[in-house]
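The values are calculated or read from the model by the stated rules, or taken from the named source; none is laboratory data. Everything numeric in this text was worked out from a predicted model, so none of it was measured. Cβ placement follows ideal geometry from the backbone for every residue including glycine, while neighbour counts extend to all protein chains displayed. All accessible areas refer to the heavy atoms of the entire protein, side chains included, with ligands and DNA or RNA removed. Shrake-Rupley method; radii C 1.70, N 1.55, O 1.52, S 1.80 Å.
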Amino acid sequence: MKFNTTPIFLASLLLTSGALAPSVNSKPLPKDNAHNVVTLVDLKDFPSWFHEAINREKSVKKKSSLKIKKFNINEKVLGKLKLQESSDTTWYYTIDIGTDSPVECYVFTEFDGPANSLHSMIENSLSAIAELNKKPLSSRYTSALGVGLVGDTPYLALDTLYSVGEGKNKASGILKGLSAATNNSLQICTHNELGYKKAFLNVFTSFINAFIASEENQEFFESVFVMSINDLPLGYAREKYALDEDGDIVLHTDSAMLAPVDASSVARSDSGAREWSMKDGSMINKVSYSIENNVLASSFSLEMRDSKWHVSGELQGKPVNAVLEHNNWLLSGYGSYLAAIELQKSDKISESYPMWVPEADPTSALKVVLSKTPKDPTANLKIDMGPMVMKFLAEKSGIFKHGTIAQGPITIGLQQLYVKGEPQLP
């Protein structure tokens, strides 16, 4: 059974996550050099003891074994690891790194996604902290957001500054959280202690590397991009291309975004798709989904039956069943790279293609226009997709280094974080 998103895939993410545009007007503070985290809360007026605590660091050198038969993992990770609980779909570990509080790491085979699941874990942890201290949660602020990379695997960072109790009984802390999705599972680690940012990141990195080591990499091309607004990294988009047993192109894409709505709340979005394409860039079929704020927002599949494109799924909880009026070939995600390569080689200024973009309209084929932008010093190609316009700087291979996606007043920046191989088949 086959399922069916690329420059054009990345543009479609804006429609999926359009409601996530942050309403925070203040510019983010400088990035933390420990990893790609942007601080959102100015801590300069906090007492000296607080600053001393948040600047604490230590080197974690001791290692222990992580063994999970389900994933064929038998690796050394930093810290003294102990399995606390496990089931068929979940593993919970504590990792002693020599601080008052251990690092806590979870592995899931059933999950909403790096953004939604990380947010849920932070919420659950804050409730547990209040219960443990026998004091109500009196305040909370999103103190930092970030996107980074472990090997070829992107991760999200979400830090929360919180207080429990009031007056003389008030206690404050920062709950740090990191999440990453590898091929077969989701990993989330948290650390409820001021400081030790680098130590926490190093332990998380070693934990993720254990899962990466067990993966079979058959992709001939993969890339990861950071998505940002006003220099605030909100999330990532990832795509991987491989050949299946029939010689067709299989594309797996996923994205995850966290965006501040106000000082204490964060909107979250996870989406993914799997698409099969012919080597000439024509689509075979596709499935896609999106989860917004822990609710399934959409789930679609497209397949050719009886010489017609059939769509099935749901949108905002309502069933969708339709037949596209367009019954000819559709450009695939892989095909959009081939189109970019060919346009750069030709004397044409632009070219248009029919494409199925469920985030725009799942019941019809969209006319996508790819154009050259000779007068733009920051981009050489542009994609018009209905209400969206994407501009990007592409190499001759079709790979693009950076770009922007604009829809109305919202502009999302895209920056290449990782790339391996080329979109053209070797």
Handout entry: Above-threshold pairs, the threshold being 23 Å between Cα atoms, out of 197/401; 44/197; 44/134; 61/197
Key = 197/401; 44/134
Fill in the blank from the handout: Here FRET efficiency (C-beta to C-beta, residue 110 to residue 48, R₀ 41 Å, nearest 0.05) is 0.35
Handout entry: Length gained when the stretch residue 70-residue 41 is fully extended (0.36 nm per residue, less Cα-Cα span)
Key = 6.4 nm
Practice task
Report P(r) for the stretch 219-421: all Cα-Cα distances, bin width 10 Å, range 0 to the bin holding the largest distance, values in whole percent.
Solution key: 8, 31, 39, 18, 3, 0
Exercise for the section: Go ahead and run the numbers for FRET between residue 418 and residue 279, Cβ-Cβ distance against an R0 of 22 Å, rounding to 0.05. Expected result: 0.35
Problem - the chain - mean residue ellipticity at 222 nm from DSSP helices (-39,500 (n - 2.57) per run, n ≥ 4, rounded to 500) - result: -5000 deg cm²/dmol
Practice task
Arrange the peptides 320-332, 39-51, 229-241 so that the one whose residues have, on average, the most other Cβ atoms within 10 Å appears first.
Solution key: 229-241, 320-332, 39-51
Exercise for the section: Would you list which lysines come within 20 Å of residue 70, measuring only between C-alpha atoms, while excluding same-chain residues fewer than 8 positions from it? Expected result: 82
Completion exercise
Lys and Arg at +1, Asp and Glu at -1: neighbours of residue 342 with Cβ under 13 Å from its Cβ sum to +1
Exercise for the section: Would you list, by chain and number, the aspartates and glutamates whose Cα falls below 14 Å from the Cα of residue 308, excluding same-chain residues fewer than 8 positions away? Expected result: 325
Fill in the blank from the handout: Over all viewing directions the Cα convex hull of the chain casts an average projected area in nm² of 22.2 nm²
Handout entry: Surface per residue (accessible, 1.4 Å probe) for the stretch 50-202, Å²
Key = 46 Å²
Problem - Net length gained if the chain between residue 350 and residue 171 were fully extended (0.36 nm per residue, minus Cα distance) - result: 58.4 nm
Problem - Accessible surface of the chain, 1.4 Å probe, proportion on carbon and sulfur as whole % - result: 48 percent
Completion exercise
Ranked output for segments 363-372, 166-175, 69-78 by mean other Cβ atoms within 10 Å, highest leading, reads 363-372, 69-78, 166-175
Problem - Ordering of 193-201, 405-413 by burial proxy (mean other Cβ atoms within 10 Å per residue, highest first) - result: 193-201, 405-413
